[in-house]
Amino acid sequence: MPIVEEKYGRILSDESAEITYVIRDIANDVDARTELLIASPSTNNGLVRTNTQVEEIHDQIWLGTVRYAPSAANPPQAGESSFAFETRGGTQHITQSLATVASYASPDLPGAAPDFGGGIGVTEDSVEGVDITVPVYTFSETHYLSPSTVTSAYKSALFALTGRVNNAAFKGLAAGECLFLGAAGTQRGDDPWEISFAFAGSPNVSGLSVGSITGIEKKGWEYIWASYRQAEDTTAKMLVRKPVAAYVERVYREGNFAALGIGT
């Protein structure tokens with residue numbers, strides 16, 4: 001009758017574990033490994049058995065090694081998810097400042113420095129503006145979906161929603177604040193699909209001002225721009241370009257993100 005005895009000297013870390021055994025009265029490696037699987041536990045301190053091997057060290061005597069790893073090493077099941085987010089700086093071109101802190105006139109001017117209404121880089125013909133760093137909030141979610149869910153129609157829905165903003169509250173963001181950047185999916189054999197969904201967030205704002213124009217409201221992914229015309233600055237005694245109108249433009253179509261199938 002085969003005898004399987006654990007050797008002294010278990011090994012355990014956060015990411016792995018190892019137990020060795022001596023297997024006696026077994027003539028071949030296949031039977032020795034079978035007895036090793038029967039004798040060794042399938043889990044060890046939250047880790048799962050991932051590998052077993054046997055080595056012949058004497059006639060009908062085998063050294064068996066059982067290794068363990070985190071359960072994440074097992075294939076994921078449908079319904080499992082993981083999440084990630086990032087806040088970093090992005091670049092935005094602006095033509096209006098939040099406020100003109102100070103202005104200094106040349107002694108050659110007949111009056112004070114011209115008031116451009118917050119315009120940046122104003123010339124006789126244009127408003128050049130400046131590139132600034134703005135906060136960007138991006139986040140992603142990885143979901144494992146059953147093959148029966150990821151149909152051709154579902155893939156088409158992902159394609160149709162890419163580059164759209166949410167028409168209702170989604171993942172803590174109000175309507176108009178979340179932009180769907182797209183999804184990427186992979187599948188191995190008949191395992192669940194692993195699909196990563198990427199999003200970017202931008203807050204809805206109100207009470208904006210452009211020069212003397214106030215009370216402007218803008219959803220997160222709408223675009224605001226200003227029209228400039230020459231106006232007389234009586235203090236500076238010259239014609240200057242000032243914003244005379246502000247426009248809020250919708251540049252992304254809206255979409256129902258519930259169709260992504262990952263909750264709202």
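The values are calculated or read from the model by the stated rules, or taken from the named source; none is laboratory data. The structure displayed is predicted, hence computed values, not measured ones. Don't worry about glycine lacking a Cβ; one is built from the backbone with ideal geometry, like all the others, and counts go over all protein chains shown. For accessibility, only protein heavy atoms count, side chains too; no ligands or nucleic acids. Shrake-Rupley method; radii C 1.70, N 1.55, O 1.52, S 1.80 Å.
Which residues in region 225-247 have a backbone N closer than 17 Å to a point placed 7 Å from the Cα of ASP108 along the Cα-to-Cβ line?
Output list for this probe position: 237-239.
Given the DSSP H assignment, sum -39500 (n - 2.57) over each helix run of at least 4 residues in the chain and divide by its residue total; what's the result at 222 nm in deg cm²/dmol, nearest 500?
Working: 2 runs with 21 residues, N = 264.
Value at 222 nm, helices only, nearest 500: -2500 deg cm²/dmol.
Ignoring ligands, DNA and RNA, what accessible area per residue does region 86-161 give at 1.4 Å, in Å²?
Each residue of region 86-161 exposes 64 Å² on average to a 1.4 Å probe.
Just one of [x] 1.32; [y] 1.00; [z] 1.05 is Rg/Rh (Cα atoms, Kirkwood Rh) calculated from these coordinates, so which is it?
Computed from these coordinates, Rg/Rh (Cα atoms, Kirkwood Rh) corresponds to label [x].
Please compute the modelled spin-label separation between LYS155 and ARG250, points set 7 Å along Cα→Cβ, answer in nm with one decimal.
If labels sit at ARG250 and LYS155, their model points lie 3.1 nm apart.
Ignoring any ligand, DNA or RNA, what whole percent of the accessible area of region 119-264 comes from carbon and sulfur when the probe is 1.4 angstrom? Write out the running numbers ahead of the final one.
Details: 4120 of 8240 Å².
Carbon with sulfur: 50 percent of the solvent-accessible area.
Please sort 219-225, 130-136, 8-14 by packing, taking for each peptide the average over its residues of neighbouring beta carbons within 10 angstrom, highest first.
Ranking, from highest mean packing down: 219-225, 130-136, 8-14.
Taking R0 as 41 Å, what FRET efficiency do you get between VAL134 and TYR8 from their Cβ-Cβ distance, rounded to the nearest 0.05?
Computed FRET efficiency for VAL134 and TYR8: 0.10.
Taking square-rooted eigenvalues a ≥ b ≥ c of the alpha carbon gyration tensor, is region 119-185 rounded, prolate or oblate, where a/c under 1.5 means rounded and, failing that, a/b exceeding b/c means prolate?
prolate
With a/c under 1.5 counting as rounded, go ahead and sort region 1-62 into rounded, prolate or oblate using the C-alpha gyration tensor (a ≥ b ≥ c being the square roots of the eigenvalues; past the cut-off, prolate if a/b is larger than b/c, else oblate). Mind dumping the intermediate values first?
On the way: a/c = 2.41, a/b = 2.00, b/c = 1.21.
Prolate.
Using a 1.4 Å probe on the protein heavy atoms only, what accessible surface does SER126 show? Give it in Å² to the nearest 10.
50 Å²
Taking a cut-off of 19 Å between Cα atoms, list the aspartates and glutamates near LYS237, but don't count ones fewer than 8 places away on the same chain.
Cross-link targets: ASP108, ASP115, GLU124, ASP125.
Treating cross-link reach as a plain straight distance, find the lysines whose alpha-carbon is under 26 Å from the alpha-carbon of LYS155, omitting any fewer than eight places away in the same chain.
Candidates past the 8-residue exclusion: LYS171.
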